[in-house]
Amino acid sequence: MSPTYRILIVDDEQNVLDAYRHVLCRRQELTANTTRLDELESKLFNTDTQAPSLPTFELCLCRQGHEAVNAVRESIDSNSPFAVAFLDVRMPPGPDGVWTAAQIRALDPLINIVIVTAYSDLSPAKINQQVQPPARLLYMQKPFHTHEIQQFALALSAKWQAEKELLATNQHLDELVQERTKELTLAIEALETSNQKYRDTALQLRKAEADLAEKADDLRGTNQALQQMIRKNEEDRKEIEQKVLFAVHEMVEPYMEKLEKSPLTDYQQSFLKIIRTNLNEIVTPFMKDLGHKYFRLSPTELNIANLIRLGTSTKDIVDQLKMSKRTVDFHRDRIREKIGIKNTKANLKAVLQDLGSELGDN
């Protein structure tokens, strides 16, 4: 089903409102007729003609600024916000379109606003100062063309939908990071509690050894029991570490990589870098052995690392894996970072060869 977007039209002239309705709703009627013809053709000639699903528009027409502001307020309260608002500048006897735009922006930060005017005495720069941000504000001069209105409505509605989805994704990621961070904190606390129990047990043992030095047989039995406790404690500790690293690798790392590949703004990229840095600081205390270093490598990174260890040149890796040189260089940098030699002069091939068969086991 095609999506439906709500569009707010504000102009004091009824004929202009009728023109908007004709431009935006007539296209929907033509699309509906075309769809019915395609369905009829498919039934008659046994063809599979699937036309692209275009969005439709639900219009709200207002003649004054106060009326438009009330319409936006009601849309927010009913959880049915507008995607785009087309505002005329001069709408006597009420407030002008710039005032209306500022009020609407205060109510709905996501709505895209198009200022429409027949006069050139109003500077877009002044409008931008009153109606922020500039990324959601456009300026169009009358008389406008039918295709301009249609394209503005289509493009800005699609942009509005994409921004909503991105915000929802970011919120979900924040909640997921908070949840996983809480789990990591609990795991670390459990590990510290276990270590404290071990230290307490060791202290009690030393006291027992001092008191029972003359009883060698009893001491050997106590030592055996202690060794079993130490082994069990170590097994528990390693199991907790593995669970923590697995949770990060499987439940956090994939979403981090997807976000890094998505078209984020510099502002969002900075937060993503902070999240990755903090996450690395959390799991770094657990990464004490070779297997842990490779635990965080993706399948593609493991494949490239193996080829580098075997002496394969970058050109041959590009040919074998059907990747660009830029992509291979990117993965090489990620491998250096994950095994802890990113900011050193260490030779990646030599380091991987020294690590030996551990790479293939992970």
Note the count of lysine pairs whose C-alpha atoms are less than 29 angstrom apart in the range 173-286, limited to pairs 8 or more residues apart or on different chains. 23
Could you tell me how far the Cα centroid of the range 319-335 sits from the Cα centroid of the range 148-226, in Å? 33
On a full-extension model of 0.36 nm per residue, what is the gain between Leu355 and Ser123, subtracting their alpha-carbon distance, rounded to one decimal in nm? 77.0 nm
Take Arg26 and Leu107, extend 7 Å from each Cα along the Cα→Cβ direction, and tell me the distance between the two endpoints in nm. 3.0
Met91 long-range amide H proximity, modeled H, under 5 Å: Gly97
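FRET efficiency for Glu281 and Ala155, Cβ-Cβ distance as r, R0 = 30 Å, nearest 0.05? Don't skip to the end; give the middle numbers.
Numbers: r = 42 Å, r/R0 = 1.40.
Efficiency, rounded to the nearest 0.05: 0.10.
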What nm distance separates the two modelled labels at Glu74 and Gln228, each placed 7 Å from Cα along Cα→Cβ? 7.7
In nm, give the distance between the simple-model label positions of Leu348 and Tyr139, each being 7 Å from the Cα along the Cα-to-Cβ direction. 4.9
Long-range HN-HN contacts of Phe57 with modeled amide H, under 5 Å: Tyr5
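Using r as the Cβ-Cβ distance of Thr265 and Arg199, and R0 as 45 Å, what FRET efficiency do you calculate, to the nearest 0.05? Each step should come with its number before you reach the end.
On the way: r = 49 Å, r/R0 = 1.08.
Efficiency for this residue pair is about 0.40.
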So what J values fall out for the range 193-209 if you push phi through Karplus, 6.51 cos²θ - 1.76 cosθ + 1.60 with θ = phi - 60°, rounded to Hz, Gly and Pro as x? 4, 5, 5, 5, 4, 4, 5, 4, 5, 4, 5, 5, 5, 4, 5, 5, 5
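Any idea what the dipole of the range 173-286 comes to, in debye rounded to 20, about its Cα centre with Lys/Arg Cβ at +1 and Asp/Glu Cβ at -1?
180
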Could you give me the ³J(HN,Hα) list for the range 336-346, computed from phi with Karplus coefficients 6.51, -1.76, 1.60 and θ = phi - 60°, whole Hz, x at Gly and Pro? 4, 5, 6, 9, x, 10, 4, 9, 10, 8, 4
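Readers should treat all values here as calculations from the given coordinates under stated rules, not as data from a laboratory. These numbers were taken from a predicted model, which means no experiment stands behind them. Because the Cβ atoms are built from the backbone with ideal geometry, glycine has one as well, and the counts that use them run over all protein chains shown.
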